[in-house]
Amino acid sequence: MAIRQIRLKGDEILTKKSKEVTVIDDKIKELASDMLETMYKNDGIGLAACQVGMLKRIIVYDYSYVEENSPKKPVVMINPVIKSRSKSMIVVEEGCLSFPDEFKEVKRHEKVTVEYMDLKGNKKVLHAKDIEAVVIQHETDHLDGIVFLDRE
Ligand code: NI
């Protein structure tokens, strides 16, 4: 495992569309575990692969901080796709490890249903709400080259 360098504001890679992962090999597993380590090291809640320079559709997150003294709950999603979105919206102040000094209130769907693969290649469906739904929307946006500052 290793800490990877986070790409910052102005880096073109943050505006690019990431490619689907076709095979979950050791390199992908290593990337995912490095992403988690990098996220924790930088006190982040989520990270997309493009933020460490890899244009692959992988996101990681852990929103367990919302509960005091909660154990870590790392999540890795390969090729996540948001399949449905609630009409109800929530506004949360967001930040991003690639924009360390910027924060912005962004309006997001309160609930989303996301399909993805886990690191074993199992297809999963998750119904997420509140902070978890926001994090998933923020991170999946990165996979399409969209950052939170682009959102209203
Ligand atoms: Ni971000």
### Query
Among the residues of the stretch 46-64, which ones are within 13 Å of the ligand (Cβ to nearest atom) and among the aromatic types (F, W, Y)?
Y61
## Note on the structure
Conditions (1) more than 16 Å from the ligand (Cβ to nearest atom); (2) under 13 Å from the mean Cα position of the chain (by Cα) -> M39 fails only (1)
### Query
Of S70, S64, which residue is under 14 Å from V134 (Cα atoms), small (G, A, S) and at pLDDT below 95?
S64
### Message
Quick check on N122: is it within 14 Å of the chain's Cα centre (by Cα), modelled with pLDDT of 95 or more and more than 16 Å from the ligand (Cβ to nearest atom)?
### Response
no
### Summary
Filter the stretch 83-97 for residues that are surrounded by 11 or more Cβ atoms within 10 Å (Cβ to Cβ) and within 16 Å of the ligand (Cβ to nearest atom); the one that is farthest from I58 (Cα to Cα) is V92
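Residue by residue, here is whether (1) surrounded by 13 or more Cβ atoms within 10 Å (Cβ to Cβ); (2) charged (D, E, K, R); (3) more than 20 Å from D150 (Cβ to Cβ) holds:
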site: E12; (1), (2), (3): no, yes, no
site: K19; (1), (2), (3): yes, yes, yes
site: E30; (1), (2), (3): no, yes, yes
site: A48; (1), (2), (3): yes, no, no
### Message
Among the residues of the stretch 53-61, are any more than 17 Å from D118 (Cα to Cα), in contact with a Gly (Cβ under 9 Å, 6 or more places away or on another chain), of a type outside the set (V, I, T) and touching a residue at least 40 places away in the same chain (Cβ under 8 Å)?
### Response
no
### Message
Just to be sure I understand, how many residues within the stretch 16-52 are part of a loop (DSSP other than H, G, I, E, B) and touching a residue at least 12 places away in the same chain (Cβ under 8 Å)?
### Response
9
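The values are calculated or read from the model by the stated rules, or taken from the named source; none is laboratory data. Keep in mind the model is a prediction, meaning the values are calculated, not measured. Counting neighbours? That spans all protein chains shown, and the Cβs are built from the backbone with ideal geometry, glycine included.
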